[in-house]
Structure formats: C-alpha cells, structure tokens
1. Placing one identical point scatterer on every Cα of the stretch 14-145 and ignoring solvent, what is log10 I(q)/I(0) from the Debye formula at q = 0.10, 0.14 Å⁻¹?
2. How much length, in nm to one decimal, is gained on full extension between LEU16 and GLU147, taken as 0.36 nm per residue of separation minus their Cα-Cα distance?
3. How much mean residue ellipticity at 222 nm does the chain get from its helices, if each DSSP H run of length 4 or more adds -39500 (n - 2.57) and you divide by all residues, to the nearest 500 deg cm²/dmol?
4. Given R₀ = 30 Å, FRET efficiency for GLU94-LEU28 by Cβ-Cβ distance, to 0.05?
5. Given Cα pairs under 8 Å that are at least 6 residues apart, what percent is the relative contact order of the chain?
Amino acid sequence: MKRYELAKDLFFKEMLSKSSGFYLRVGLQHCLNVSAFAILIARKRGLDEELIGIAGLFHDIHTYTNMNSFNHAYYSSIQAKELLESINLVTTEELDIIITAIKNHSDKKITHDNYSECLKDADVLDHYMWGTLREDETDRTRKLKLETFC
Ligand SMILES: [Fe+2]
C-alpha cells in the first residue's frame, strides 16, 4: 500500500491548501472514513484495496476544496484525474478504474461496475454512521446490513 500513502499525502496537501473551517474538518473525516470503509468492502469482495482506497480519498475532493457540491461526482473525478496524473502514481488502466468509480458514486440507485459499487457502499456506510443517509440510500443500506465485513 505504498502508493496509497503517497495518494494520502497528495490528498492532504490539496485539502490543506484549498479548504478550511467546516469543509476541511468534515471533508477530512468523511473522505478518510469512506476510503477505509471502501478498503474493508474491497477485501470482502476481492477487489484491489489500494485502488478503491485512493478513489475513496478523492471521491468528494471538489466539494471540499471548492465548497460547492453541485455535480460534485463529475467535478471530483476531473480534479482527481489531474492530481493523480501530476504524480504519475497509477497506470492508465488503474486511473480509469478510480476515475470511473468517483464519477459514478452519486448515482446510488443505478448499478455500475464492482469498483463503483464498492465506493457507493462505502459512502453510504459513512452516511449511515453519522445519521446523514439520503432517501435514495436506504435500499443500499438494507443490503449492506446483510453483508458482514470480517
Ligand atoms: Fe461522499
């Protein structure tokens, strides 16, 4: 998970230079939580833990560095792509997996590829933990309750 640690450095650098106050506080906690939950779910489902952990870190980066959540899944995928390309951390194929998961993560009622689903479920778990579930996330929460993670 060496690349994960490098991605985390990049994530912290971006957040600390562009975010502040409420957005910084909430953003750091949420993104780190989602990243950790995504790694746990990936372990259970046999997915690449490092790639989905990185996707978790950056999945809402646009929201917390621009303090604006409009169309944030799309804009976060663009920002994450630029950031990850700037340090040449992953291959083109790996970047595609990460970016696709980030881009899809807001569409909770649609089923996408395994990595997108893993990221969505991790996002929902964090919302569940803090009592901030949205109406379109309740079905997914019910399914997650049936799945054990260790
Ligand atoms: Fe999120």
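Read-outs throughout are calculated quantities, based only on the coordinates presented, and are distinct from any laboratory measurement. In this text, all values refer to a predicted model and were calculated from it rather than measured experimentally. Reconstructed Cβ throughout: ideal geometry from the backbone, glycine too, with neighbour counts over all protein chains shown.
1. Per q value, in the given order, log10 I(q)/I(0) is -0.28, -0.56.
2. Length gained between LEU16 and GLU147: 43.6 nm.
3. My calculation for the chain gives -24000 deg cm²/dmol from helical runs alone.
4. Working from the Cβ atoms, E equals 0.80.
5. 24 percent
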